[in-house]
Amino acid sequence: MAKNVSKLQKNIKARANFSSSDYPELENNLDEIRREIQLSSEKYVSEILISFCRDHAINGVFVFGNMDFTKKVARKELPIRLIEKLFKLNIGNKNFIKDLEIFIETKLKETSI
């Protein structure tokens, strides 16, 4: 399975606009992350995930507000590579980044898996 995900991720390219339908594996990754969130605190999860994947930095308030989730993200125990890649490839595309962030926030707030 990991080899298939790697092949999919190698084919990811920068796009003009974000559309979740372009990245079906992203939804699967976020579902897995959401399952993990349900086992721990939901405090600052979007902020931690987005800031780490986008900037590889996390505000101290978020870190101390949810240390367990921060550790899992920073140690890459969760499937975040695709999210990191999307931020990196589209670093200059503010609309794409904004839409990706909104999608992540919305997806992580969903309660049913």
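The values are calculated or read from the model by the stated rules, or taken from the named source; none is laboratory data. In this text, all values refer to a predicted model and were calculated from it rather than measured experimentally. Here Cβ is always computed from backbone atoms with ideal geometry, including for glycine, and neighbour counts include all displayed protein chains.
Checking the conditions here, which among Asn59, Asn90 is free of Cβ contacts under 8 Å to residues at least 24 places away in the same chain and not acidic (Asp, Glu)?
Asn59
When you go through (1) assigned to a loop (DSSP other than H, G, I, E, B); (2) farther than 14 Å from Leu30 by Cβ; (3) at pLDDT 95 or above; (4) not basic (Lys, Arg) one by one for Ser51, which number turns out not to apply?
Unmet for Ser51, out of (1) assigned to a loop (DSSP other than H, G, I, E, B); (2) farther than 14 Å from Leu30 by Cβ; (3) at pLDDT 95 or above; (4) not basic (Lys, Arg): (1).
For (1) at pLDDT 85 or above; (2) part of a helix (DSSP H, G or I); (3) buried (at least 18 other Cβ atoms within 10 Å of the Cβ), each residue gets a yes or a no:
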site: Asn28; (1), (2), (3): yes, yes, no
site: Ser41; (1), (2), (3): no, no, no
site: Thr70; (1), (2), (3): yes, yes, yes
site: Glu84; (1), (2), (3): yes, yes, no
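For the stretch 18-68, give me the residue count where each residue is more than 14 Å from Lys107 (Cβ to Cβ) and of a type in the set (Phe, Trp, Tyr).
Number of matching residues: 4.
Hey, could you check the stretch 90-111 for residues that are out of contact with any Phe, Trp or Tyr (no Cβ under 9 Å at 6 or more places or on another chain) and farther than 13 Å from Leu30 by Cβ and say which is modelled with the lowest pLDDT?
Per the stated criteria, the residue is Thr111.
Which residue pairs have Cβ atoms under 9 Å apart, sit 6 or more places apart or on different chains, and have a first residue in the stretch 29-48 that is farther than 12 Å from Asn66 by Cβ and a second that is among the hydroxyl-bearing types (Ser, Thr, Tyr) and surrounded by fewer than 18 Cβ atoms within 10 Å (Cβ to Cβ)?
As it stands, the answer is Arg34/Thr111; Gln38/Thr111, since those pairs meet every condition given.
Within the stretch 54-62, is even one residue assigned to a helix (DSSP H, G or I), under 10 Å from the mean Cα position of the chain (by Cα), surrounded by 12 or more Cβ atoms within 10 Å (Cβ to Cβ) and at pLDDT 95 or above?
yes
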